[in-house]
Structure formats: structure tokens, C-alpha cells
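Right, one structure below, let's go through it.
The values are calculated or read from the model by the stated rules, or taken from the named source; none is laboratory data. Remember, it's a predicted structure, so these values are computed and weren't measured experimentally. Counting neighbours? That spans all protein chains shown, and the Cβs are built from the backbone with ideal geometry, glycine included. SASA here: full protein model, heavy atoms, side chains in, ligands and nucleic acids out. Shrake-Rupley method; radii C 1.70, N 1.55, O 1.52, S 1.80 Å.
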Amino acid sequence: QVQVVESGGGLVQAGGSLGLSCVASGSILSINSMGWYRQGTGNQREMVARITSGGTTNYADSVKGRFTISRDSAKSTVYLQMNSLKPEDTAVYYCRILVRVDTSEYQYLYWGQGTQVTVSS
């Protein structure tokens, strides 16, 4: 079993900052990539930022320069620092991890339960 638990989020005014954390635990051999996705009301889930085991990062164009993703591999934790928040950043934010649980070639995808971020104008 693998567990993915997010924390952080909440309500903030436009222009403010919030930080999210996501911890993975359980029967994990290695974590390949970790990322944050979000889903606003009536919208499809979209990638916000992701980071590989080697530290390579990717960001959605809408958050570049404002959000920063980082990870602490020793703690199996990924962070998302969100600055200069806008009302359109309002969404449920989900953590996603891609892991290996054994020595086979297979990788498995796990999602957290989501955490609400609300940005007021």
C-alpha cells in the first residue's frame, strides 16, 4: 500500500502566498516523479508543476515565475510554493507520484486526496 497525503492550502487574498506539501509513504522502492495538478470547478484536471528524481522541473505556462516545486527525496516529500496568487489559481490541488514498488520494470501512479486553494479578489 502506498499513501499520498497533502497538506497546506486554504484561503488567501490575491497577491498572497501559500505553500503545499505532499508526503508519500508505504511500500515504495523508489519515487520517479512527483507533481502537482489542479482542478477548478467545471474544469479538467491540469498539470501545475512536476519534478523528476533527477530534479528536472516542468511548469504550466500559467504559473511560471510564480510557483516553485521542490522535493526532499530523503523525506519522500514534494513541495509547491505559490506566490503572487490570482483568483484563477483557485482549485483543488492534487499531488501525484510515480513510483516503483518492487524490482520489476513497472511503475505505479498514485494520487492524493486533494487540498483546496481559494484565492479571493
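Taken over the stretch 66-84, the criterion of being in contact (Cβ under 8 Å) with a residue 12 or more places away in the chain, surrounded by fewer than 17 Cβ atoms within 10 Å (Cβ to Cβ) and outside any strand (DSSP E or B) is satisfied by Arg66, Ser73, Lys75, Asn83, Ser84.
Every listed requirement among (1) outside any helix (DSSP H, G or I); (2) closer than 24 Å to Leu11 by Cβ; (3) of a type outside the set (Val, Ile, Thr) is met by Glu88 save one, (1). Residues in the stretch 85-118 that are open to solvent by less than 60 Å² (accessible area, probe 1.4 Å), over 13 Å from the mean Cα position of the chain (by Cα) and of a type in the set (Ser, Thr, Tyr) were compared, and the one that is modelled with the lowest pLDDT is Ser104. Candidates are the residues of the stretch 1-38 that are more than 15 Å from Val78 (Cα to Cα) and without any contact (Cβ under 8 Å) to a residue 60 or more places away in the chain; the one that is least open to solvent (accessible area, probe 1.4 Å) is Gly26. Applying the condition of being among the hydroxyl-bearing types (Ser, Thr, Tyr) and without any contact (Cβ under 8 Å) to a residue 12 or more places away in the chain to the stretch 46-65 and asking which residue is surrounded by the fewest Cβ atoms within 10 Å (Cβ to Cβ) yields Thr56. Checked against the criterion of being farther than 13 Å from Ser21 by Cα, under 11 Å from the mean Cα position of the chain (by Cα), modelled with pLDDT of 95 or more and in a strand (DSSP E or B), the candidates Met34, Met47 yield just one match: Met47.
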